[in-house]
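Data first, discussion second: the structure below is written as structure tokens.
The values are calculated or read from the model by the stated rules, or taken from the named source; none is laboratory data. Note that the structure is predicted; figures quoted are calculated from it, not measured. Neighbour counts run over all protein chains shown; Cβ positions are idealised from the backbone, glycine included. Surface accessibility is based on the protein's heavy atoms, side chains included, excluding ligands, DNA and RNA. Shrake-Rupley method; radii C 1.70, N 1.55, O 1.52, S 1.80 Å.
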Amino acid sequence: MRRRIAAGNWKMNGMVADLAIVGEISAAAKAASCEVVLCLPATLIRAANNLVALPLGGQDCAAQEKGAFTGDISAPMLRDAGAGFVILGHSERRALHGESDAIVAAKVQAAWAAGLCAILCIGETEAQYRAGETLDVLAAQIAGSLPEGANARNTVIAYEPVWAIGTGLTPTVDEIARTHAFIRARLPDAGLSILYGGSVSPANAAQIFALADVDGGLVGGASLKSDSFIPIIHELEASA
Ligand code: 13P
């Protein structure tokens, strides 16, 4: 049985005042039959961990353990703050911070060494999608950013088409089904979970989560409010 996970990515959103939302999501997650994870800004992880038992994650970590890396946060620091997960290789990090597959792979190894579960993001850009290159891009990202040693405990894959992030657009369910099956065939361990991310909403979650190779979602905008994230959690439970 693969893990079924509803993960929220708050990106660069959230103040201490928003911890009430974390409390509401945590209350709903307690009764849930799937895993619920919130990947918060690093500034909120400690405070959220003091408040709720919900599994928490960071959104990036350094490849190094410690040292002269001003502004960076290491995987052991995230763990120390109360995180159990970390998103790595998100398209916003790859595009805005120039993270190559090799850098992402080094970060995944740092996360594993700290005992964190890496949520490794892969996905094609709109130009790559239009050019019919999606599967080649994904194969290269898996080969380049997933180190040897991945298993269902230390790694979750998130397929996030870049053009579907924050746009309200999604691939068709047939495209998602085909893409997830392709990814599954390239993973070293059949037990790894593959989440879909990109404009997941209460309105489209049921269709997406019903697909055989979709084990949950990585949700951005809709995870910022309990009245949109909790229905998505319920759709994941209902799809089991
Ligand atoms: P949206 O759900 O806002 O499209 O964001 C998806 C995402 O990037 C999650 O990591």
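Descriptive notes on the structure:
- Dipole in debye (nearest 20) - the chain, about Cα centre, beta carbon charges: Lys, Arg +1; Asp, Glu -1: 440 debye
- Taking packing as the residue-averaged number of other Cβ atoms within 10 angstrom, the listed peptides 142-155, 78-91 run from highest to lowest as 78-91, 142-155.
- In the chain, the calculated helix contribution to ellipticity at 222 nm averages -11500 deg cm²/dmol per residue, counting -39,500 (n - 2.57) for every DSSP H run with n ≥ 4.
- For the chain, the solvent-accessible area of protein heavy atoms averages 44 Å² per residue (probe radius 1.4 Å; ligands and nucleic acids excluded).
- For the stretch 98-240, a crude dipole built from +1 on the beta carbon of Lys and Arg and -1 on the beta carbon of Asp and Glu, taken about the Cα centre, is about 200 debye to the nearest 20.
- Residue-level accessible surface for L96, protein heavy atoms, 1.4 Å, Å²: 140 Å²
- For the stretch 31-129, size of Cβ-based charge dipole, Lys and Arg +1, Asp and Glu -1, in debye: 300 debye
- Per the Kirkwood formula applied to alpha carbons, the stretch 20-157 shows a radius of gyration over Rh ratio, Rg over Rh, of 1.00.
- Put simply, the amide H of C117, placed in the peptide plane, has neighbours under 5 Å in F85, V86, leaving out anything fewer than 5 places away on its chain.
- Solvent-accessible surface of protein heavy atoms, probed at 1.4 angstrom with all chains present, puts V22, V137, V173, V16 in the order V16, V173, V137, V22, largest first.
- For the stretch 1-74: rounded, prolate or oblate by the Cα gyration tensor [a/c cutoff 1.5]: oblate
- The heavy atoms of S201 offer some 30 square angstrom of accessible surface to a 1.4 angstrom probe.
- Computed over the alpha carbons of the chain, Rg followed by Dmax gives 16.4, 47 Å.
- For the stretch 64-145, the fraction of 1.4 Å probe accessible surface lying on carbon and sulfur atoms is 54 percent.
- Residues of the stretch 135-150 with amide N under 18 Å of a point placed 7 Å along Cα→Cβ from A190: 150
- Protection proxy ranking of 30-40, 212-222, by the mean of other Cβ atoms within 10 Å over each peptide's residues and highest first, is 212-222, 30-40.
- Spatially close lysines, pair count over the chain: Cα under 24 Å, gap of eight or more or interchain: 6
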